[in-house]
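Here is the structure we will look at.
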């Protein structure tokens, strides 16, 4: 047996032993299982209402520290536990991964004849997160693991009970969206062939609304075309695939923070020869190089590169798909499926060892700050006052009346001119009064806002001092970022 095999066996034994101890009773874990009032992180409706109240009073967003670095000094080091005092962090990460790995729920099995039933997709996936409640340090080290390992399935036609949709994604916290691990897209040809490489088009399949930097960066995108997703499969039509949507995925700016892209094509065993030319075309595709990241202060290009040979597998399923009898399979009891998987990895052509998920995105160009309603100086000025139309001019001077006898017509004209002048003056006076009232209301609003800001700052300082005393993981988030 080689040294590598011996080390791997020893590592498996260590992980298995500690995992067994970790999942045993909390009393057997000693200091590791100890939880006091400040160390508990369990969710509760009361805490949720408290956070809402704090955000309402302070007009600030309440966040939480997710890492040991951010929460330094706020948790028990658990030095009495060999899990933390003996094992290095790398081995603990393996333990957290094993403990929070998703598995198929035996109580949520899928119907075997359904469109979505296939190997590794025979039941709802379930994740056990109870290990995160053992102590604060375990939570800080492992809170991202469930989301990183979970497989989220999106269906465009004939969804399974475990379906996700863009509305579900929009409800996730920013932290969870940033820890997307595995997105699995099941799409029929009609739903995917319209895809283009424009920014945001691919993201729209998983997340709607205004795009924000970092809100869509799955570690893996897995696209599956099942036998029942091909055009006119029920009529035994020849396989055909438009290359455009695959090329659009490889060139999409939305995937330039995704490490792996997999394309899985499934068909019946007697159609393998029809799939061969499609695979040859896909293997010859070249991803476009584009500047998407900043490395060491310089723009860096990325591209997807096909890795290795396609993986193949086969499986058998019932011929009565969705409990229906289709003509081409009427004389069959089972169908044999052939599955081919192509895998692309995101690479930096100029940085061979670049690791995509850890590199930061290219900086976004921020919008310029808008000027205030009264210009950059931020003060009121008469030249900014808005008067009714025709009221910005000074009243016209009274004209010199020609000498001579006043006739009745001249008297009426002069009276009308005097009345018009009077009404103009009244209009100007009302406009000035209105501007004065608006100015007073504005000043009052500014004073009121200053008073509210002072009260909010007092609330923020009070809660920050309380959280620091309690060593709480809660904190106020800077919304401007």
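Here 421, 447 are placed in order of increasing Cβ neighbour count within 10 Å, fewest first, which gives 447, 421. Across region 425-475, Cα-Cα distances exceeding 14 Å account for 69% of all pairs. The Stokes-Einstein estimate for region 278-338, based on a Kirkwood radius over Cα pairs and taken at 25 °C with 0.890 mPa s viscosity, is a diffusion coefficient of 152 µm²/s.
Of 111, 79, the sequence from fewest to most neighbouring Cβ atoms within 10 angstrom is 79, 111. Computed from the alpha carbon atoms alone, the convex hull of region 56-213 holds 178 Å³ per residue.
As a proxy for reagent exposure, 312, 61, 134 were ordered by neighbouring Cβ count within 10 angstrom, fewest first; the result is 312, 61, 134.
No value in this document is a laboratory result; all are computed from the given coordinates. All figures in this text were calculated on a predicted structure; none of them were measured in a lab. All Cβ positions, glycine included, derive from the backbone under ideal geometry; neighbour counts span all protein chains shown.
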